[in-house]
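Structure record follows, encoded as C-alpha cells.
The values are calculated or read from the model by the stated rules, or taken from the named source; none is laboratory data. All values derive from a computational prediction rather than experimental measurement. Methodologically, a virtual Cβ is constructed for each residue, glycine included, from the backbone with ideal geometry; neighbour enumeration extends over all protein chains shown. Heads up: the accessible areas ignore ligands, DNA and RNA and are worked out on the full protein's heavy atoms, side chains in. Shrake-Rupley method; radii C 1.70, N 1.55, O 1.52, S 1.80 Å.
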Amino acid sequence: PADTPPALPPLPAGAPRNRLGLARWLTDPANPLLARVTVNRFWQMMFGLGLVATADNFGRQGSPPTHPELLDWLARDFVTNNWDVKRTLRQIALSATYRQSSRAAPGLLARDPQNLLLARGPARRLTAEMLRDQALAASGLLVEIIGGPSVKPYQPPGLWEEIAMGKPKYEQGRGADLHRRSLYTFWKRTVPPPTMTLFDAAERNICTVQRQSTSTPLQALALLNDVQMVEAARLIGQRMLLEGGATSEARLAWVFRLVTGRRADERERAILRELYTEQHEFFAADPAAAEQFNAFGETATDTALSAADRAASAVVAKALLNFDEAVMRR
C-alpha cells in the first residue's frame, strides 16, 4: 500500500493514503524535510547558493549543509511561526550576515570563492521579475492588487503568430494590465515573454530549482530599449521633475537615490549633470524627437512640463535603471 519511505517519519496516525495524507505528512511539525528544503531555497534566493548547495537533492548523494545548525534553526523557526514566508525572508534580509558588504579582499576571494563561509554579503543580479517590478515601482506605475487572472503586458508584435502553432494572436492588455506585478504575466509555454527569458527566467516545461544568472549585452539593450523599461523611465523622469526639488542638482540627486537606494557622490552627480544637459540640448533642438520619445509606451506624461525636460529626465532615469547598482544586489 501507499506509504512513506522507511528512512523518513511515518504518516500521521489516521491520515488517509492519498494526497491529503501526503500534505498532512509534509507539513507535520515532526517531519523536518519540507521546512528544511523550503528555508534552504529562501537562503538560495537571497544569497545565490543555499546552505545545502544541491537545493534539488537533500538525499545521501546531495551536498551536506555548510551550516547545519543554522539550517535546523531556520527550519524550526519557520514552522513555529506558522510557515510565514514574508517573516522568514525579512529575518534573513535584516540579518548581519546578509547586510555585509559584498566586497572582499583578494585573499578571501581566493580562499572562499563561493562564499561558503558567509564572510561577505551576496552579489547577485536581480531576477527578470525583480528588474521589471523594481522599475515599475520606482515609476509609480506598479499595480499592487493581489490576485486575479493573468495579464498580457507589452510584447514584440507578431511573436506568437511567427512561432506558435496555429498562429494565435497576442491580445495585449491595456491600462492597469500593463503594470501588474510580473507574477501575473501570462506565459505561453512555447513562446515565453522574451525579455523574461533574456534575464534567465526559467522555462515552464521543466522544473527548475536554481536559475542561471548570466550577464550579456542583450540584457543592457533590453534595459535601455524595452518599451516597459522606457515607459517606466519616462514616469520616473516625471517624478524627478515634480518631486525632486526646485533645482536640477536636487532633482538629479533625488532620482539617483530613488533608483539606487543611496546618495550619489560628486563624481556621479557630475556625470548625471553632463548627461542631463547634453540630452536637454538635443531634445530642445529637435522637438519632434522629444515628442516621439515621450510617446513611447501607453502611459502619458504631464504635458504641462516641457517636452525637452520630460525627455531629458527620462534618459537620465533610463541610464540609472541600467546602472550596476540598480541591476545588482551588493
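Would it be correct to say that R99 is open to solvent by 40 Å² or more (accessible area, probe 1.4 Å) and either under 20 Å from the mean Cα position of the chain (by Cα) or hydroxyl-bearing (S, T, Y) (or both)?
Details: open to solvent by 40 Å² or more (accessible area, probe 1.4 Å): yes; either under 20 Å from the mean Cα position of the chain (by Cα) or hydroxyl-bearing (S, T, Y) (or both): yes.
So R99 passes the test.
Assuming T195 fulfils every condition listed in (1) surrounded by 13 or more Cβ atoms within 10 Å (Cβ to Cβ); (2) out of contact with any helix residue (DSSP H, G or I) (no Cβ under 8 Å at 6 or more places or on another chain); (3) closer than 26 Å to T299 by Cα apart from one, which condition is it?
Only one criterion in (1) surrounded by 13 or more Cβ atoms within 10 Å (Cβ to Cβ); (2) out of contact with any helix residue (DSSP H, G or I) (no Cβ under 8 Å at 6 or more places or on another chain); (3) closer than 26 Å to T299 by Cα is unmet by T195, namely (2).
Please work out which one of (1) buried (at least 16 other Cβ atoms within 10 Å of the Cβ); (2) without any contact (Cβ under 8 Å) to a residue 12 or more places away in the chain is the condition Q292 fails and give its number.
(1)
For the range 1-46, which residues satisfy the criterion of being within 25 Å of the chain's Cα centre (by Cα), among the small types (G, A, S) and surrounded by fewer than 17 Cβ atoms within 10 Å (Cβ to Cβ)?
Hits for the range 1-46: nothing passes.
Would you pick out the residues in the range 250-283 that are in a helix (DSSP H, G or I), open to solvent by 60 Å² or more (accessible area, probe 1.4 Å) and in contact with a helix residue (DSSP H, G or I) (Cβ under 7 Å, 6 or more places away or on another chain)?
Our first condition is that a residue be in a helix (DSSP H, G or I); within the range 250-283, this holds for 250-260, 266-283.
From the residues that got through so far, the ones that are open to solvent by 60 Å² or more (accessible area, probe 1.4 Å) too are 254, 257, 266-267, 269, 271, 273-274, 277-278, 281-282.
Scanning the range 250-283 gives W254, R269, R273.
Of all residues in the range 167-186, which are free of Cβ contacts under 8 Å to residues at least 24 places away in the same chain and open to solvent by 50 Å² or more (accessible area, probe 1.4 Å)?
Matches in the range 167-186: K167, K169, E171, Q172.
With the requirement that a residue be over 30 Å from P157 (Cα atoms) and out of contact with any Lys or Arg (no Cβ under 6 Å at 6 or more places or on another chain), what does the range 220-251 give you? Talk me through it step by step, then tell me what you get.
Initially, the range 220-251 is screened for residues over 30 Å from P157 (Cα atoms), giving 240-251.
Answer for the range 220-251, where residues must be over 30 Å from P157 (Cα atoms) and out of contact with any Lys or Arg (no Cβ under 6 Å at 6 or more places or on another chain): L241, L242, E243, A246, T247, S248, E249, A250, R251.
Would you please name the residue that is nearest to A307 (Cα to Cα), looking only at residues in the range 243-289 that are among the polar types (S, T, N, Q) and without any contact (Cβ under 8 Å) to a residue 60 or more places away in the chain?
First pass over the range 243-289, keeping only residues among the polar types (S, T, N, Q): 247-248, 260, 277, 279.
Filter once more, so that each one left must be without any contact (Cβ under 8 Å) to a residue 60 or more places away in the chain: 247-248, 277, 279.
Working: T247: 18, S248: 16, T277: 14, Q279: 12 Å.
Once the filter is applied, the top-ranked residue is Q279.
So which residues in the range 47-71 are part of a helix (DSSP H, G or I), surrounded by 16 or more Cβ atoms within 10 Å (Cβ to Cβ) and modelled with pLDDT of 95 or more?
Taking the range 47-71 and keeping what is part of a helix (DSSP H, G or I), we get 47, 68-71.
The next check asks that each one be surrounded by 16 or more Cβ atoms within 10 Å (Cβ to Cβ); those that pass are 47, 71.
Selection gives L71 alone.
When both residues are 6+ apart or on different chains and their Cβ atoms are under 7 Å apart, which pairs have a first residue that lies in the range 207-228 and is in contact (Cβ under 8 Å) with a residue 24 or more places away in the chain, and a second that is open to solvent by 60 Å² or more (accessible area, probe 1.4 Å)?
V209/D56; S213/R124; V227/F296
Taking the range 81-90, which residues are without any contact (Cβ under 8 Å) to a residue 12 or more places away in the chain and in a helix (DSSP H, G or I)? Working first, answer last.
The initial filter retains those residues of the range 81-90 that are without any contact (Cβ under 8 Å) to a residue 12 or more places away in the chain, namely 81-82, 84, 86-87, 90.
Matches in the range 81-90: K86, R87, R90.
Return the only residue of A308, A233 being modelled with pLDDT of 95 or more, under 19 Å from the mean Cα position of the chain (by Cα) and surrounded by 14 or more Cβ atoms within 10 Å (Cβ to Cβ). Write out each step before concluding.
Working: A308 fails: under 19 Å from the mean Cα position of the chain (by Cα).
The match here is A233.
Give all pairs with beta carbons closer than 8 Å in which a residue from the range 96-122 that is over 14 Å from H67 (Cβ atoms) and touching a residue at least 24 places away in the same chain (Cβ under 8 Å) meets a residue that is hydroxyl-bearing (S, T, Y) and open to solvent by 50 Å² or more (accessible area, probe 1.4 Å); count only pairs at least 6 apart in sequence or on separate chains.
G121/S101
Does R76 count as open to solvent by 60 Å² or more (accessible area, probe 1.4 Å), on the phi < 0 side of the Ramachandran plot and not hydroxyl-bearing (S, T, Y)? I'd like the intermediate steps shown before the answer.
On the way: open to solvent by 60 Å² or more (accessible area, probe 1.4 Å): yes; on the phi < 0 side of the Ramachandran plot: yes; not hydroxyl-bearing (S, T, Y): yes.
Considered against the rule, which asks whether it is open to solvent by 60 Å² or more (accessible area, probe 1.4 Å), on the phi < 0 side of the Ramachandran plot and not hydroxyl-bearing (S, T, Y), R76 comes out as yes.
What's the number of the condition G140 fails, among (1) modelled with pLDDT under 95; (2) exposed (fewer than 15 other Cβ atoms within 10 Å of the Cβ)?
(1)
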